[in-house]
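First comes the structure, then the notes that go with it.
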Amino acid sequence: MRPLEDYLVIDFSQFLSGPSASLRLADMGARVIKIERLGVGDICRTLYTSNLIMNGESSVFHAINRNKESFEVDLKNEYDCEMVRELLKKADVMIHNFRPGVMQRLGFDYQSVSAINPTIIYGEISGFGNEESEWKNKPGQDLLLQSVTGLTALTGNADSGPVAMGLSIVDMLTGAHLAQGLLASLYRRAINNQGAFVQVSMLESAYDFQFETITTFMNDGGELPKRSAKNNANAYLGAPYGIYQTKNGHLALAMGSIPVLGNLLGCVAISVYQDVAEAFDKRDEIKTILADHLLTETTEKWLSILEPADIWCADVLNWKQLLAHDGFKVLDMIQEVEMLDGYKYETTRCPIRIDGELLISSKGSPKLGQDNEKIIKEFNLKTIANA
């Protein structure tokens, strides 16, 4: 039995942050019903991040909404709203990620929902928080949050300018934080039958993501991070930290003694940097020399020297190479799921194991409104809404 079996989650959220939280709850056994707008649904259904359309909808939607049900409603229609309220009376968790004020106007804010279900765990994601500020009503979009929170100052070389991460990282982090808050609140409810209002924002999640670097900044006289000019991978770490080109690919090098590295690689020019402080103070000099030297041999050659010496290093793989690697295959990270109409696709599984069990499910993403009839009948919603 999975930990959240028999728990009901009503999920109003769309795009990535909220649905990533409900996906994790679904992986752990919860029943997740997506509340989707009549005729439109989750906007992520048509949010194409590439030219790949799977079964008529976005690959992103399929990836993040597997193992869920779809209940298509018109929240401007009182009859439909009454059906949703009946679902919420029976729910354990509710999630939304609308801008501040939207759910209040619709009548599904925390005060309204907790009035009909006092023990519900109500989860809310906002872009910039609910505090009164000029940012409050700005769109909570990942790139914008990366930009205003300093994240873009950490990636790339010194002359690269601001560089965004190649993932919707703030969305995913915020979803993970919401899931953590919801699980903690469910635990408390199991003890004292108390509901909860869990709030997270993309802004705060992006700040928390940088807790190491921001702590350094605040206690370093306000010195802004300085990316190295060559092979930067962390603005606060010295040589050799970075990714280097080799004769046939690339090699990642983490922290390590420069003289030891020079001796192992046969690179006399960096062996002269004996002072530990030089690894940071002269990191661009060292990285330039090291980068030229690593071009003389293959990645495999360098790994065969460095790995037996317990130097922290790794090959740099693309997705084709990763999926073909035995180290990946042994994890069984890929699962095949199937939609109600028979369409099948491959995607990743939940990364969590509980008691040794892989949390997998063969249930794909839902077509818009595909579960309406089943949900209405199961929860007797027509009779109740007409009452």
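The values are calculated or read from the model by the stated rules, or taken from the named source; none is laboratory data. Fair warning: this is a prediction, and the values are worked out from it, not measured in the lab. In this analysis, Cβ positions are derived from the backbone assuming ideal geometry, glycine residues included, and neighbour counts consider all displayed protein chains.
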Practice task
Report whether or not I169 is modelled with pLDDT of 95 or more, among the hydrophobic types (A, V, I, L, M, F, W, C) and buried (at least 16 other Cβ atoms within 10 Å of the Cβ).
Solution key: yes
Problem - Of residues in segment 207-233 being touching a strand residue (DSSP E or B) at 6+ places or on another chain (Cβ under 8 Å) and in contact (Cβ under 8 Å) with a residue 24 or more places away in the chain, the one farthest from D142 (Cα to Cα) - result: K230
Practice task
Can you give me the ranges of the helices (runs of 4 or more DSSP H) entirely in segment 205-279 with at least 1 residues that are of a type in the set (A, V, I, L, M, F, W, C), at pLDDT below 95 and not assigned by TED's automatic domain parsing to the domain that holds D310?
Solution key: 211-218
Exercise for the section: Mind listing just one residue for me: the one in segment 362-378 that is surrounded by 16 or more Cβ atoms within 10 Å (Cβ to Cβ) and among the polar types (S, T, N, Q) and, of those, nearest to L87 (Cα to Cα)? Expected result: N372
Practice task
Please work out which one of (1) surrounded by fewer than 17 Cβ atoms within 10 Å (Cβ to Cβ); (2) more than 22 Å from S13 (Cα to Cα) is the condition T119 fails and give its number.
Solution key: (2)
Handout entry: Subset of segment 315-343 [among the aromatic types (F, W, Y) and under 23 Å from the mean Cα position of the chain (by Cα)]
Key = W319, F328
